[in-house]
Amino acid sequence: MRIKKGLFITFEGQDGCGKSTIIGQVFKKLNKLYPKKIFVTREPGGTNNPIGEKIREIILNNDSSKMTPITEALLFAASRSQHINDFIKPNLKKNNIVLCDRFIHSSLVYQGYINKIKFKKIFAINKYALCKLWPNLIFLLLVEPKICLKRIDRRWHQKNRFDCKTIKQHENIYKGYLKIAKKYRKNLIIIDAKKSIDENSDLIVKIISKKIKTYDK
Ligand code: TYD
């Protein structure tokens with residue numbers, strides 16, 4: 001089926017909720033339905049965005065522990081601005097579908113809820129980055145914090161500054177997402193991340209396909 005309008009779709013959730021695996025599966029399934037129309041990217045940084053990737057390195061680096069909360073929020077927004085300009089908008093203009101691992105809701109939770117910067121301020125900081133861009137769909141993957149912690153312990157990757165270490169940190173992020181989900185629910189869909197990757201990726205593909213069809217009319 002032809003896609004007549006681009007769609008911007010974001011995936012949010014706690015560390016260890018299975019976001020990256022789900023995005024991979026959703027990409028595979030959607031790509032079969034809409035070949036060459038599906039693109040995957042992630043924040044901070046992002047595909048085709050070397051400047052954003054450099055900012056990512058500064059933000060996530062373990063040496064940046066003295067970074068102030070406001071500097072951090074500004075850098076996430078700066079990386080986002082470049083990402084929107086270099087990758088997201090050009091793809092939307094070509095009527096492609098962009099699947100993005102984390103976006104503004106991560107800033108609301110991590111810089112807002114966790115670092116205690118008012119949500120209004122997070123939006124003010126992001127205003128010039130977003131330029132009114134809001135995701136057409138936001139999939140929020142939620143799962144009990146103790147399950148996330150177990151999943152993270154099982155995987156190996158070099159730990160960055162943001163990787164949660166304690167159950168308390170996981171619980172806070174979980175609470176943050178619940179709060180955001182209530183407050184900023186436009187286009188937001190909660191996915192029970194305890195279910196299998198296959199079940200959830202099927203469900204997400206179904207929702208996206210429905211959106212494409214309604215957009216097509
Ligand atoms: P990453 O290694 O990409 O982890 P994940 O697989 O969990 O997405 O690290 C990204 C980290 O950056 C993640 O812990 C959340 C954080 N983050 C923010 O704090 N604010 C933001 O706006 C974004 C996009 C990410």
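Worth pointing out:
- Residue satisfying condition, being within 30 Å of Ile147 (Cα to Cα) and either out of contact with any Gly (no Cβ under 9 Å at 6 or more places or on another chain) or in contact (Cβ under 8 Å) with a residue 40 or more places away in the chain (or both), within set Ser20, Ser81: Ser20
- Meets criteria (touching a residue at least 24 places away in the same chain (Cβ under 8 Å) and surrounded by 11 or more Cβ atoms within 10 Å (Cβ to Cβ)) for Ile147: yes
- Top-ranked residue in the range 85-124 [being surrounded by fewer than 21 Cβ atoms within 10 Å (Cβ to Cβ) and β-branched (Val, Ile, Thr); ranked as farthest from the ligand (Cβ to nearest atom)]: Ile117
- When the range 34-49 is filtered for residues that are touching a residue at least 12 places away in the same chain (Cβ under 8 Å), more than 16 Å from the ligand (Cβ to nearest atom) and out of contact with any helix residue (DSSP H, G or I) (no Cβ under 7 Å at 6 or more places or on another chain), the ones remaining, listed by number, are Tyr34, Lys37.
- Residue within the range 59-74 that is β-branched (Val, Ile, Thr), within 28 Å of Ile117 (Cα to Cα) and near the ligand (Cβ under 9 Å from one of its atoms) present: yes
- Residue count for the range 162-201, restricted to those that are exposed (fewer than 14 other Cβ atoms within 10 Å of the Cβ), part of a helix (DSSP H, G or I) and not aliphatic (A, V, I, L, M): 5.
None of the figures in this text is laboratory data; all of them are computed from the coordinates on show. Here the structure is a predicted model, which means the values were calculated and not measured. Using ideal geometry, Cβ is built from the backbone for each residue, glycine included, and neighbour counts are taken over all protein chains shown.
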